[in-house]
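To start, the structure itself, in structure tokens.
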Amino acid sequence: MLRGESLSMPDLTEVKMRIARGEDFHTEFKEQQTNPDSMARTIVSFANSDGGWILIGVADDGTVKGVSNVDQVCQWVDNIALNNCEPPIVVRSISVEFEDGKAVVLVEVPRGEMRPYKTRQGVPWVRTSSGTRPASNEELRRMLQSSGYLYYDETLVYRSGLSDLDSGAIDELIKSALDLGIEIGDMPQDRLLMNWRLLGESERGKQLTVAGALFLARRPQEHVPYAYVSALRIPGTEISNVPQDQKRIEGRVRQILEDTLRFLQIHLRCPHQLVAMEPEAEPEIPLVVLRELLVNAVAHRDYTISGPIRVIVFDDRVEIWTPGLLPNTVTIESLRTGIHVLRNPTIYNILLKLRLVTDAGSGIPRVIRLMREKLGLEPQFSVENQQFVVRLPRPSIGQHRREI
């Protein structure tokens, strides 16, 4: 099902095609009105996942049985969505009549914006290709994060403490904040870091948050093992080719950004231009574009997903793969116009203090403008396999203009 797909103009041919494909991640059949708790479980699972269709009057094997009273079935569905789901879920129900006069009720359940949803028994269900199951703790965290109820970068890191902090990183951060005019006064250092949500407190004492580990820990990957960049140079244009160079780039956030940018500079062409009679190296893809996209990946990735950021240099393009779907309400189209929604507000605020980002939401529009101005090329954005992907086309050899 495509997000935003509507039932307002049902097409019998399409309904038949759905029935022929059988039950899947976006479709479930119900032969008749079933136990209300079973129906609530199905509605909740679709709302907690990617939305879907429930076809009432269709047997599990795809046989169209029909329903005898369409209005009664639609009212029954509405009552369950309102009273058996927490919070209530708005669904849309319509009927489709087949050639033999049998009517099937189609129920559209949208992907919810107030996830996680639960049945009245308090269980959050999610959809799978073969049915429904209770959500895992990790899936719950992702739903809470995408709905704005939880910011994962503020959660405490198990078995961390003040001894894991790097004093040099703290000094650098405080100096940068002071240079920005942020008032600190005589506040104790640990209190300051707690105010910035880099430290928290539990029964174990003061502990690093996820953001604190990324920016201030002596060995960040001991606390957040997947917070690294997998950088690859792959000859040709296919991911199946053997890498020519491969680096696992670790460290604190600033070091990761610097080392990843250095990797890109090594593997991208850097022809010289003549500026004021002196040769000047100009990377084939502007450094400001690469830097912007790398910072964007670190700032907005989904840290509940145990996978690294991937940066891949092919012969014809550079790809940056960031774990996680786009934050709630964000689309590819809105990204291009400069929407500013924070998945990791603490990480973003520290990047601000380190002067690595602005607070204008102008990063992606600036990337698009610079690629057009400098190279006459368009970056491509997509969401694939639960990851946000940016593809930057590389200019052909000799495409750079020389200025004298």
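Residues that are among the hydroxyl-bearing types (Ser, Thr, Tyr) and at pLDDT below 85 were ranked within the stretch 348-404; the one that is farthest from THR237 (Cα to Cα) is THR358. Screening LEU82 against (1) farther than 29 Å from ASP11 by Cβ; (2) part of a helix (DSSP H, G or I); (3) without any contact (Cβ under 8 Å) to a residue 24 or more places away in the chain leaves a single unmet condition, (1). A single entry from ASP60, ASP37 fulfils the requirement of being of a type in the set (Asp, Glu), within 24 Å of VAL123 (Cβ to Cβ), at pLDDT 90 or above and exposed (fewer than 12 other Cβ atoms within 10 Å of the Cβ): ASP60. Just one of the listed residues (ARG115, ARG111, ARG141) is within 18 Å of the chain's Cα centre (by Cα) and outside the structural domain of PRO36 (by TED's automatic domain parsing), namely ARG141. Given the criterion outside the structural domain of TRP76 (by TED's automatic domain parsing) and either of a type in the set (Val, Ile, Thr) or within 26 Å of SER202 (Cβ to Cβ) (or both), identify the matching residue among SER160, SER176. Within the list SER160, SER176, the selection yields SER160. Just to be sure before I move on: is LEU156 under 20 Å from GLU222 (Cβ atoms), in contact with a Ser or Thr (Cβ under 9 Å, 6 or more places away or on another chain) and touching a residue at least 40 places away in the same chain (Cβ under 8 Å) in the structure I sent? Yes. Might you let me know whether the stretch 91-105 holds any residue that is part of a loop (DSSP other than H, G, I, E, B) and basic (Lys, Arg)? There is at least one residue in the stretch 91-105 that is part of a loop (DSSP other than H, G, I, E, B) and basic (Lys, Arg). Annotation note: Cβ proximity below 6 Å between a residue of the stretch 85-98 that is at positive phi and at pLDDT below 90 and a residue that is part of a loop (DSSP other than H, G, I, E, B) and crowded, with 20+ Cβ neighbours inside 10 Å (sequence gap 6+ or interchain) occurs for no pair. Evaluation of PRO134 against the conditions (1) under 24 Å from the mean Cα position of the chain (by Cα); (2) surrounded by fewer than 21 Cβ atoms within 10 Å (Cβ to Cβ); (3) touching a residue at least 12 places away in the same chain (Cβ under 8 Å) shows that the sole unmet condition is (3).
Candidates in the stretch 64-82 are the residues that are surrounded by 13 or more Cβ atoms within 10 Å (Cβ to Cβ) and among the small types (Gly, Ala, Ser); of these, the one that is farthest from VAL109 (Cα to Cα) is GLY66. Within the stretch 171-217, the set of residues being out of contact with any helix residue (DSSP H, G or I) (no Cβ under 6 Å at 6 or more places or on another chain) and basic (Lys, Arg) comprises LYS175, ARG191, ARG204.
The values are calculated or read from the model by the stated rules, or taken from the named source; none is laboratory data. Here the structure is a predicted model, which is why all the values come from computation and not from measurement. Note that we place each Cβ from the backbone using ideal geometry, even for glycine, and neighbour counts take in every protein chain shown.
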